[in-house]
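Encoded as structure tokens, the structure appears first; notes follow it.
No value in this document is a laboratory result; all are computed from the given coordinates. None of these values were measured; they are calculated from a predicted model. Neighbour counts are summed over all protein chains in view; Cβ atoms, including those assigned to glycine, are modelled from backbone coordinates with ideal geometry.
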Amino acid sequence: MIENKSYFTKKGLSDNEAQAVAFALSLYTGPKSETCNRTTGLLIRNKNGEGLDVSIKEEMYKAAVILYYLVKGLSYIPYYWGTVTRLCQLTDHELTYYMPEYLITWIQFSSSEKGTREVSNSLFKRRNTIFKIYSLTGRPIKQFSNWPEEDEVFFLPHSTFLISKLEVQFHGTQHNTYAASGIRIKQLVSVMD
């Protein structure tokens, strides 16, 4: 984490801010990524007027500072332009949103692997949907990752994508009708929020 801190001090952050940013990136690329995504989802639902339990709000506010430094750190990492691959599990219903020429917004942080190969991590092998994304605003975070074998590209919440192609393939051992691969999506350069 020390070398990660120095990356951010060289970018002009104070020692304390650089350490907080390096810590937030380390948390996301480690076992706490689900916590970051859960908190992002809770913050968005809360801002949209959805009522949340007091205990959930307390959890959300405690984690919000980590999200702040995570986003701040990502703003100092240059964009990656190129193809990335992301594996997800989608239901039949969810897949109906991913049609050519549709705009899709992912409200949570999302990560992907640089290039066109699928992630070798066994956690992702059973996912039924492969996204091939041409990234314009993803941030390469390999040098900050706790998983040195992964060449991760990270997308911020509310990243918007234009679906350019959908291919559905069925595999002999799968019986799920939603088993799809080859969804190709392109991230837009400018999107009105």
Filter the cross-link list K11/K142; K62/K142; K5/K114 down to pairs whose alpha-carbon distance in this structure exceeds 21 Å. K62/K142; K5/K114
Taking amide hydrogens as modeled 1.01 Å from N in the peptide plane, which residues meet the under 5 Å criterion relative to H158, leaving out close sequence neighbours? W106, I107, Q108
Put a dot 7 Å past each Cα toward the Cβ at L166 and L136; how far apart are the dots in nm? 2.3
Net charge around T9, counting only other residues with Cβ within less than 9 Å of its Cβ (Lys, Arg = +1; Asp, Glu = -1)? +1
